[in-house]
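What follows is one structure encoded as structure tokens, with my remarks underneath.
Each value in this text was obtained by applying a stated rule to the coordinates, not by laboratory testing. Every value quoted in this text rests on a predicted model; they were computed, and no experiment measured them. Please note: Cβ atoms are built from the backbone with ideal geometry, for glycine as well, and neighbour counts cover all protein chains shown.
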Amino acid sequence: MRPRVSLAAVLIGAGAWALAGAPSSAGAADAGAGAAVFAAKQCVRCHVPRSEQGPGPALEEIRRPQGAMELAGRLWNHVPAMAGMLAQRGFEWPSISASEMADLMAYLQGDALRDARPDLYKGQVTLLRKNCLKCHSLRGEGGRVEPDLAERRGDYESAFAWAAAMWTHTPRMAAMASSVGVAYPRFSGDEMGNLVGFLREATAAPLRGSGGAPKR
Ligand code: HEC
Ligand code: HEC
């Protein structure tokens, strides 16, 4: 299996980012409502102020100025440990809608304006290195697990849309990763922003300057 997306096409598409402008902070997101989400979704069980000592990192550590995509990456990393701890204690996985996620991320001080502009080349490398295409295809190239990543364009539109979609799906992904022997991918720094930026460009149809879908 050797997935290949036309890199030239994607790099030409990179200009679109500049035209559309960098993302703004989620407009309607409300940090106060996010504090309520943080309580309602069980986060407060494990993340309490430093003075109180909880089972997870202190609230001050997870709630600090950071990029929104950077925070999405940290939430992604967190899924297997949190799913395991919740299951042990007999709690259900809390569902989080896209608008709740926007508020939650505002509360945790994830700000799209702090994310670097995505590096599409690094994003493509990240897609390959993190084993996404061992399970999924991108426009038909790659693994067989649904969905093809080109079918989920809406997921790539903002950090909170992405984080909300991944919040729903990563527990199943994590379970499958261990059963098929693929390492659960982890993200740091700008990796998530680059990856999602790449997916956003690579799935914009038709690709600018490529005359249609990427060559196979
Ligand atoms: C059952 C306990 C538990 C619950 C509930 C929980 N967490 Fe965590 N959280 C942890 C532990 C343990 C870690 C450190 C290990 C890790 O990163 O997975 C952590 C780490 C984190 C991190 C930092 C991850 C990183 O890589 O920097 C964030 C952000 C976070 N949690 C957010 C949340 C949010 C938001 C919720 C609620 C939707 C939540 N947590 C609910 C236990 C929990
Ligand atoms: C071990 C297999 C596996 C790996 C590796 C994997 N996924 Fe998935 N992914 C899944 C499964 C299974 C689902 C469907 C989950 C469900 O049905 O809820 C899924 C769902 C998705 C979805 C759809 C979410 C939606 O809106 O429905 C996206 C997007 C996605 N994965 C992206 C990725 C990316 C990006 C990577 C690499 C960083 C990745 N996946 C790695 C198994 C995997």
*Would you grab the residues whose amide H sits under 5 Å from the one on Val48? Only those 5+ places off in sequence or on another chain, please, with H modelled 1.01 Å from N.*
Gly54, Gly56, Leu59
_Could you list Cys135, Cys43 so that the one with the fewest beta carbons within 10 Å of its beta carbon is first and the one with the most is last?_
Cys135, Cys43
*Rank the residues Ser97, Ser137 as a footprinting-exposure proxy: fewest other Cβ atoms within 10 Å of their Cβ go first.*
Ser97, Ser137
_Unit charges at the beta carbon, dipole of the range 117-212: most positive-side option, Ser188, Gly140, Met166_ = Ser188
_chymotrypsin sites (Phe, Trp or Tyr not before Pro) lying in DSSP loop within the range 79-123, provided at most 13 other Cβ fall within 10 Å_ = Phe91
*Say the dipole of the range 64-166 comes from +1 at the beta carbon of Lys and Arg and -1 at that of Asp and Glu; which of Tyr156, Trp76, Phe91 then lies farthest toward its positive end?*
Trp76
*Send over the semi-axes of the range 52-117's equivalent ellipsoid, whole angstrom and largest first, taken as the square roots of 5 times the C-alpha gyration tensor eigenvalues.*
23, 14, 11
*What do the square roots of 5 times the Cα gyration tensor eigenvalues come to for the range 28-172, in whole Å, largest first, as semi-axes of the equivalent ellipsoid?*
28, 18, 14
_Sorted by Cβ density within 10 Å, fewest first, the residues Trp76, Trp93, Trp162_ = Trp93, Trp76, Trp162
_About the Cα centre, and with charges only on the beta carbon of Lys, Arg (+1) and Asp, Glu (-1), how big is the dipole of the range 125-198? Nearest 20 debye, please._
240 debye
